[in-house]
Structures are given as C-alpha cells and as structure tokens.
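Here the structure is laid out as structure tokens; the discussion comes afterwards.
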Amino acid sequence: MITQSDAGKSWLDRYGPWAVVTGASDGIGREIVRDLAQRGLNVVLVARRGELLDQIATEVRQSNFIETRVIVADLGKAEDVEQALLDCEALDVGLFVASAGFGTAGNFLATDVEDEIDMLDVNCRAVLVMAKDFSARFARRKKGGLIFFGSIVGFQGVGNAAHYAATKAYIQTLAEGLAIDLKPFGIDVLSCAPGPVETGFATRSNLSPANSADPRSVARETIAALGRKTTVKPGILSKVLINSLATLPRFVRTMILSAIMASRTKHHDGSKAQSRPKQSA
Ligand SMILES: NC(=O)c1ccc[n+]([C@@H]2O[C@H](COP(=O)([O-])OP(=O)(O)OC[C@H]3O[C@@H](n4cnc5c(N)ncnc54)[C@H](OP(=O)(O)O)[C@@H]3O)[C@@H](O)[C@H]2O)c1
C-alpha cells in the first residue's frame, strides 16, 4: 500500500529537489511557490521585483525548512533569460514552472507595438528558451516536469486581445506537442488554461474585473494535475466555459470571447495606445 509519505516521496523524487518558478513575485506564480515549498521542494524564484521575491522566499523558507534562491530577471530581455539559466546550472532542477506573463488588451490598432513585442518575448520567447534548456537537462536525468500557462483565450482567436490570445495559443500548442516528444524521456508536460483569476493580471492588462478564480486553488489544482493530464482547466468557471465552448464552431467561439473581451475593455480610449506601465526594477 502506498502511504501518504511514500506518495510525497515519489513526487519529490520525480520533480525535486529544486523547482524554478518564473513570475514568482505575484499572482499564480507566488501561490505555486507556496504549494511547492509545502511539498518540500527547494525553489528558485524568478521575476523583476526583487524585494517581493525576497519576501516570499523568506516566508516559504521559514515555514517549510526548504532552500530558496532569488533571481531578479526581466524575461523580456534575452540576456536576462540566459543569465537566469546560467544561475540555475549548479542546481539539481526537476521542475520548471513558466508563470511569468502579461497581456495587452484593446483594439489592435490602439496598442503599442513595443508592448506587443515585449509580451511576445516574455510570454513566448523566454518560455521557449527556458523550456529547451530544462527539457535537455531533465532528459539526461530521465525525469522532470514542465508547467506552462496558457489561457481560456488560447483555443481560438479573440478580438480585443488578439495578440495576447495568440501568445497563449502558442503556449497551448507547444505544451501539447512537447508532452508527446518528452514523455519517452520521463518528462511530464502540463498546460494550465485558466479563465479569469483574481490576481493583479487584469489591472496590469488594463482589463475591467471579471468573475475570478482564487489563485491559491488554481495553483493547487495545477500542481496536482502534473503527470496526470496535458491540459488542466482550473476552477469551475474555466471548465464550464472551455468545455461548453469546445462544442461550438471555432468562429462562434471567437465571436463569444471577443464580445466578452470588448466588454472588459470598453473603458479604453481607442484614440491612443494603451501603453503598458513600465516596471521600475
Ligand atoms: N490572472 C488571469 O486572469 C489569467 C488568466 C489566464 C492566464 N493567465 C496566465 O497566468 C500566468 C500568471 O498570471 P498571473 O495572474 O499570476 O499574473 P500577475 O499576477 O500579473 O503576475 C505576473 C507575474 O509575471 C511576472 N512578470 C511579468 N513580466 C515579467 C518580465 N518581463 N520578466 C519577469 N517576470 C515578469 C511578474 O513579476 P514582476 O512584475 O515582479 O516581474 C509577476 O510575478 C500568466 O502567464 C498569465 O498570462 C492569467
């Protein structure tokens, strides 16, 4: 009989001893860090806001007797991505969680091209480069896990979030393909596709609030799904929405989600670009 502690041990053995979590300073990534620390994994926390990373690192170290490292990196910059990977080289990493990301919203004509390129770099390029590095490392040790963050908007085109939805479609497609390629090497791949989650994401993306899931339960459901499926739709809302939309033709899904997004961006001033607030660190 497998006891709770045996199950915990084999989970740790499979995905430990170190996990790297991007977007660890806030939102879902921060809750993932807390969840992994409770499971006994040592955690590398990656994001731009070092002070927040230090705070969460101290919290999880003190309450779980684990080790932590903090890497301050802007994942929109190729050199920071390379440096973050170098900083992880000496650690025995078994799990990579790519939670860092942001969205642009509003009519495509009114968004700023620099913001769009930055989003492509953070949401896609950094994920690709880091997943390539970690999957090669995990293949050598014949075990490990990759967790990506897609979205409910990643299953069809969405007006008023056209490019953000495209970045999430990229992630969803990448995850589904990698799950096949990496399975023979003992590597589990998971895409988490949430609906709205109650984090700072909506504010940072200049979206009005929506009926949102709690980030802690999203993190818990995501971690629990690793190794069991390829896509997790955390929370009742995302399950109901994705599963009911899946029965409709793609263009109908596009119309429905575009209408939802239009209502969440109707406060925008369409005459000028909705430029993304820049981080100070
Ligand atoms: N919340 C939602 O409604 C929702 C729905 C579907 C999918 N998602 C996806 O879920 C993931 C997590 O979202 P969330 O809700 O947790 O968002 P969040 O609360 O806004 O947190 C985003 C995290 O990403 C980090 N980040 C952003 N830009 C970065 C950059 N250039 N370099 C390094 N780190 C960066 C932020 O840290 P710093 O600012 O400190 O760098 C922060 O830790 C994202 O990929 C998002 O697209 C979210």
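Residues in region 138-153 that are surrounded by fewer than 19 Cβ atoms within 10 Å (Cβ to Cβ) and touching a residue at least 24 places away in the same chain (Cβ under 8 Å): 4 in all. Can you confirm whether Gly106 is at pLDDT below 95 and of a type outside the set (Ser, Thr, Tyr)? So Gly106 passes the test.
Within region 225-248, being in a helix (DSSP H, G or I), under 21 Å from Ala98 (Cβ atoms) and within 13 Å of the ligand (Cβ to nearest atom) holds for Gly235, Ser238, Ile242.
Conditions (1) surrounded by 17 or more Cβ atoms within 10 Å (Cβ to Cβ); (2) more than 14 Å from the ligand (Cβ to nearest atom), marked per residue:
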site: Glu51; (1), (2): no, no
site: Val97; (1), (2): yes, no
site: Gly106; (1), (2): yes, yes
site: Leu109; (1), (2): no, yes
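Return yes when Thr167 is near the ligand (Cβ under 10 Å from one of its atoms) and out of contact with any helix residue (DSSP H, G or I) (no Cβ under 9 Å at 6 or more places or on another chain) and no when it is not. No: the conditions fail for Thr167. Considering region 53-66 alone, what residues qualify as being surrounded by fewer than 16 Cβ atoms within 10 Å (Cβ to Cβ) and either touching a Cys at 6+ places or on another chain (Cβ under 8 Å) or over 13 Å from Asp35 (Cα atoms) (or both)? Answer for region 53-66, where residues must be surrounded by fewer than 16 Cβ atoms within 10 Å (Cβ to Cβ) and either touching a Cys at 6+ places or on another chain (Cβ under 8 Å) or over 13 Å from Asp35 (Cα atoms) (or both): Asp54, Gln55, Thr58, Gln62, Phe65.
Looking only at residues in region 16-29 that are under 28 Å from Pro196 (Cα atoms) and in contact with a Gly (Cβ under 8 Å, 6 or more places away or on another chain), the one that is farthest from the ligand (Cβ to nearest atom) is Ala19. Can you spot a residue in region 205-224 that is farther than 30 Å from Asp13 by Cβ, more than 14 Å from the ligand (Cβ to nearest atom) and in contact with a helix residue (DSSP H, G or I) (Cβ under 7 Å, 6 or more places away or on another chain)? Scanning region 205-224, I find no residue that is farther than 30 Å from Asp13 by Cβ, more than 14 Å from the ligand (Cβ to nearest atom) and in contact with a helix residue (DSSP H, G or I) (Cβ under 7 Å, 6 or more places away or on another chain), so the answer is no. Among helices (runs of 4 or more DSSP H) entirely within region 120-211, having at least 3 residues that are aliphatic (A, V, I, L, M) and within 19 Å of Ala246 (Cα to Cα) singles out 162-182. Mind checking which pairs have a first residue in region 30-49 that is away from the ligand (no atom under 13 Å from the Cβ) and a second that is at pLDDT below 95 and β-branched (Val, Ile, Thr), Cβ under 8 Å, 6 or more apart or different chains? Correct list of pairs: empty, since none qualify. Is it the case, given these coordinates, that Ile152 is within 10 Å of the ligand (Cβ to nearest atom), over 26 Å from Leu52 (Cα atoms) and of a type in the set (Val, Ile, Thr)? Against the criterion (within 10 Å of the ligand (Cβ to nearest atom), over 26 Å from Leu52 (Cα atoms) and of a type in the set (Val, Ile, Thr)), Ile152 qualifies. Every listed requirement among (1) more than 13 Å from the ligand (Cβ to nearest atom); (2) modelled with pLDDT under 95 is met by Val60 save one, (2). For beta carbons closer than 7 Å, sequence separation of 6+ or different chains, a first residue in region 225-244 that is over 16 Å from Asp214 (Cβ atoms) and a second that is surrounded by fewer than 19 Cβ atoms within 10 Å (Cβ to Cβ), the qualifying pairs are Thr230/Glu176; Thr230/Ala179.
The values are calculated or read from the model by the stated rules, or taken from the named source; none is laboratory data. Just so it is clear, the model here is predicted, and its values are computed rather than measured. Cβ: placed from backbone, ideal geometry, glycine included. Neighbour counts: every protein chain shown.
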